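Taking it in order: structure first as structure tokens, then the write-up.
The values are calculated or read from the model by the stated rules, or taken from the named source; none is laboratory data. In this text the structure is predicted, and so the values were computed from the model without any measurement. Here the Cβ is made from the backbone with ideal geometry for all residues, glycine too, and neighbour counts use every protein chain on show.
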Amino acid sequence: MFLGEMLDCNFKDSEYLSYFSRPGHFRFSSRVLRKSPFCQPHDEKLSFQEIIKRKLCINVKATELSKTCKELKVTVVKILEHRIMGRQIQSLKPLFETEAFLGKILYLVRDPRAVISSMYFGGWMTYVNAQKQMIFYTIKSEKFIWYVKRICGQIESNLKFIMRPERWLTGRVKVVRYEDLILEPEKNTRKIFKFVDLPFPVDMRQWLYNRTHFKEVLNSNIGTFSTRKNSTISMRKWRLKSPVEMVSLVEKHCSGVMDALGYLPSRGSREILARLDIPLVSRRLIRAGLR
């Protein structure tokens with residue numbers, strides 16, 4: 001599978017590689033893929049739109065990508081949960097049982113209320129009508145509820161598997177709460193580096209500060225995929241943006257996941273949601289009580 005190719009630095013020319021290597025937003029998330037031999041020299045501050053306009057980068061070739069990959073010491077891949085087979089961590093078993101594979105998993109979770117809010121307002125919970133218009137699913141509709149149940153169901157299933165890991169996964173997976181990274185970035189980043197057996201970089205503290213203290217206000221429209229935000233504002237923005245009925249619906253259908261991960265219910269109170277000084281996340285990861 002393509003994931004195995006990435007982690008083994010053994011790429012093959014394919015439609016899949018061609019699609020993901022085109023000059024575009026996700027391609028330019030990698031500093032390596034913005035440099036030679038994949039791109040002409042350019043100012044790193046250039047937007048990906050400007051890079052495309054000037055035709056500064058070409059499609060990635062498998063041979064060059066494999067060679068560059070093997071020159072690097074560490075490979076890190078971000079995979080959205082719904083893009084792994086069956087949405088199940090267990091599907092990675094064949095890869096992890098490969099003798100030469102030494103990888104580990106960081107299972108990043110976030111408050112389901114924030115996840116659903118982000119997906120909804122980001123346009124991911126929509127359908128196209130007969131007039132080819134994109135229409136949002138109405139809150140409380142069967143399709144919206146189905147989305148909520150599916151998202152929380154896959155998280156719950158994977159958490160159960162992680163909490164009682166099979167031998168191939170034991171010691172190789174760590175649950176990380178998004179909120180913990182935001183509230184105590186250096187402390188929790190150090191834990192992550194220790195887990196993956198890497199030294200904590202000397203310039204990491206400044207890098208974390210730059211990425212989490214970007215000037216931003218609650219009603220700003222900073223891009224969803226931006227890597228520079230005021231993280232404490234981003235963490236709580238859903239509380240002011242989400243309709244109470246949406247929050248209540250998520251709390252109803254995701255109670256097991258919320259309990260297990262230490263997320264506290266608002267119980268349909270707009271006042272509680274608006275009072276940002278009232279925390280809705282426990283200081284500790286509970287990891288128990290999944291039904």
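To keep it simple, each residue is scored yes or no on (1) among the aliphatic types (A, V, I, L, M); (2) out of contact with any helix residue (DSSP H, G or I) (no Cβ under 6 Å at 6 or more places or on another chain).
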| residue | (1), (2) |
| --- | --- |
| Gln131 | no, yes |
| Met134 | yes, yes |
| Ile151 | yes, yes |
| Lys174 | no, no |
| Asp197 | no, yes |
Can you find even one residue in the range 136-144 that is in the same structural domain as Val281 (by the TED database) and assigned to a strand (DSSP E or B)?
yes
Under 21 Å from the mean Cα position of the chain (by Cα), surrounded by 13 or more Cβ atoms within 10 Å (Cβ to Cβ), closer than 13 Å to Met6 by Cβ and assigned by the TED database to the domain that holds Leu3 - does that describe any residue in the range 51-73?
no
Quick check on Leu80: is it surrounded by 15 or more Cβ atoms within 10 Å (Cβ to Cβ) and of a type in the set (A, V, I, L, M, F, W, C)?
no
Exactly one of these conditions fails for Arg87: (1) within 23 Å of Cys9 (Cβ to Cβ); (2) touching a helix residue (DSSP H, G or I) at 6+ places or on another chain (Cβ under 6 Å); (3) not polar (S, T, N, Q). Give me its number.
(1)
Quick one: which helices (runs of 4 or more DSSP H) lie wholly within the range 23-119 and hold at least 3 residues that are closer than 30 Å to Arg150 by Cβ and modelled with pLDDT of 85 or more?
93-96
Take the residues of the range 90-124 that are in contact with a helix residue (DSSP H, G or I) (Cβ under 6 Å, 6 or more places away or on another chain) and among the charged types (D, E, K, R): which is surrounded by the fewest Cβ atoms within 10 Å (Cβ to Cβ)?
Arg110
